[in-house]
Amino acid sequence: MMVRAALMLLYALISLIVFLLPNMTHPKLLFGVVVPDGFRTTDEGKRAIKAFRTIVALSGAAGLLALALLSGSWFMVAIVAGPLGTAAVTIAAFVRLNRRLQRFAVPVSPVRQLELAAEPEHLPWFAWLGWIPVFLLPACAVYLHMHWNSIPERFPVHWDLNGQPNGWAVRSVRGVYGPLVFGGGLTLWLFAFALASWYGTRRSEPIRRPMLVLLIVTECIIGVLLGRISLLPLAAPHQGPAGFASVLGWVLGVPLVFLAAAYLVKRSRGPNTPLDPTPAECWKGGMFYYNPNDAALFVSRRDSVGLTLNLANRWGWVMTAALLLLIASGFLFFLA
Amino acid sequence: MPRLRIDPSAPTPVTRQITDGIRVQLVEGTLRPGTELPPVRRAAMELGVHFNTVAEAYRQLAREGWLDLRHGRLATVIERATPPAASKEDIADYRRRLRELISQMRAGGIPAAKIALELRSILKGLQI
């Protein structure tokens, strides 16, 4: 019951964030379209926002109802299908509104400026904190190696929604160090992604710094979490990361990360903050940026907050492929 | 800090805008010998153009004798040797371009006296 309530709360919070999406973008942007000042308060602007919110609200309510009423295997289906359905419906509504608002689009001054000085690029001090998880996980491996004999022959590695172990591993190199290898890959990827977001974004981009903070913090949280999981074989066999406390941690943690991201980015997006003059014709559906003539790897999003990849840059695809490979290998490992 | 400004929507190709913009600062003396220009990668990113666009502009300025481009080093402004006297064809070409520009200004409603004043002011700024 508690798990169900926690999942419903999480789902409701995510739906609320999506509901508030039009308020999170730059004042001159609405559903990925650059609109005139004050457009949001016009009848057409209000109608578009209302249409989007109605769809998100209906979809969210349907998901919540499914989570509340379904049971057994259907409940598990609702856990996966709910967020996926909401995402699909939201994207479809967004693209439709993007097309509808195109006729109100106004051009952004395409003028760009460059300081003709070769000042070296200084990485902010906090970016170095990204090395912490990179060293923490090998330290966990050393600790496990030193306490090898204290690890039980068989220990839990997976828990059900009620916190009861339902997956076990044996004391082997693969069973003990597997999560660390996966965690190492993931934190390294996140660190590389954070650095790429710094060096691959224009210096004039106001959210460049907040994004770096956010990515480094996320990397550190994931690193610590995976380090803790890797040490679980040394804990008593009945102990696990699930249970209500753990679920509550996720329920509160995930929206907190979302809200922190929204706050950091919003802070850098005052009404006088200039828009990045990326060409309108390079935005597909107001969401995807494809511009082979732009050297930037990341540009400011137009659909929400944060940065998005320039899909014409091959390094973006390399990073995406590396992440997918990492996730796929993680799944294969845990399935095996 | 000298700045370069480009307008990708202008009819003039971006490579030429970059070349012309930097050349103005070189001729005016804002960029002095020894000054290092931003790396091609960063310049291209800040200007929202392809790397090759900036690289070609730098190469053009190097061909004109303004820049030293060595592999692994930043493009550096160098003391330029006195260029050879312009040929008659070159002068005719400059004259044609000036006429086009002045005609454009006149068509835009700028009085001839104001254009003459601007030209004198620009020449003075170029320290010629």
Quiz item: Would it be correct to say that residue B:30 is assigned to a loop (DSSP other than H, G, I, E, B), away from every other protein chain (no Cβ under 11 Å) and of a type in the set (Val, Ile, Thr)?
Solution: no
Exercise. Scan B:65, B:21 and give me the residue that is under 15 Å from the mean Cα position of the chain (by Cα), within 13 Å of chain A (Cβ to nearest Cβ), small (Gly, Ala, Ser) and more than 24 Å from residue A:199 (Cα to Cα).
Key: B:21
Quiz item: Somewhere in the stretch B:86-100, is a residue farther than 25 Å from residue A:280 by Cβ, facing chain A (nearest Cβ under 9 Å), at pLDDT below 90 and outside any helix (DSSP H, G or I)?
Solution: no
Quiz item: Name the residues in the stretch A:110-139 that are under 19 Å from residue A:209 (Cβ atoms) and facing another protein chain (nearest Cβ under 7 Å), would you?
Solution: A:115
Quiz item: What do you reckon, is residue B:46 within 13 Å of another protein chain (Cβ to nearest Cβ) and either of a type in the set (Phe, Trp, Tyr) or on the phi < 0 side of the Ramachandran plot (or both)?
Solution: yes
Exercise. Select from the stretch B:6-15 the residues that are closer than 22 Å to residue B:65 by Cα and either facing chain A (nearest Cβ under 9 Å) or free of Cβ contacts under 8 Å to residues at least 12 places away in the same chain (or both) and write down the one among them that is surrounded by the most Cβ atoms within 10 Å (Cβ to Cβ).
Key: B:14
Quiz item: For residue B:78, all conditions in the list (1) modelled with pLDDT under 90; (2) touching a Pro at 6+ places or on another chain (Cβ under 7 Å); (3) more than 14 Å from every other protein chain (Cβ to nearest Cβ) hold save one; what is the number of the exception?
Solution: (1)
Exercise. Answer yes or no as to whether residue B:42 is surrounded by 11 or more Cβ atoms within 10 Å (Cβ to Cβ) and not in a loop (DSSP other than H, G, I, E, B).
Key: yes
Quiz item: Considering only residues of the stretch A:273-290 that are facing another protein chain (nearest Cβ under 8 Å) and crowded, with 17+ Cβ neighbours inside 10 Å, which is modelled with the lowest pLDDT?
Solution: A:277
Quiz item: For residue A:157, all conditions in the list (1) part of a strand (DSSP E or B); (2) among the hydrophobic types (A, V, I, L, M, F, W, C); (3) surrounded by fewer than 17 Cβ atoms within 10 Å (Cβ to Cβ); (4) in contact (Cβ under 8 Å) with a residue 40 or more places away in the chain hold save one; what is the number of the exception?
Solution: (3)
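Checking the structure you have, find out if any residue of the stretch A:78-97 is among the polar types (S, T, N, Q) and crowded, with 16+ Cβ neighbours inside 10 Å. Spell out how you get there, then give the answer.
Within the stretch A:78-97, the subset among the polar types (S, T, N, Q) is A:86, A:90.
Okay, now just the ones that are also crowded, with 16+ Cβ neighbours inside 10 Å, so A:86, A:90.
Yes, because at least one residue in the stretch A:78-97 is among the polar types (S, T, N, Q) and crowded, with 16+ Cβ neighbours inside 10 Å.
The values are calculated or read from the model by the stated rules, or taken from the named source; none is laboratory data. The structure displayed is predicted, hence computed values, not measured ones. Glycine gets a Cβ as well: all are built from the backbone with ideal geometry, and neighbour counts include every protein chain shown.
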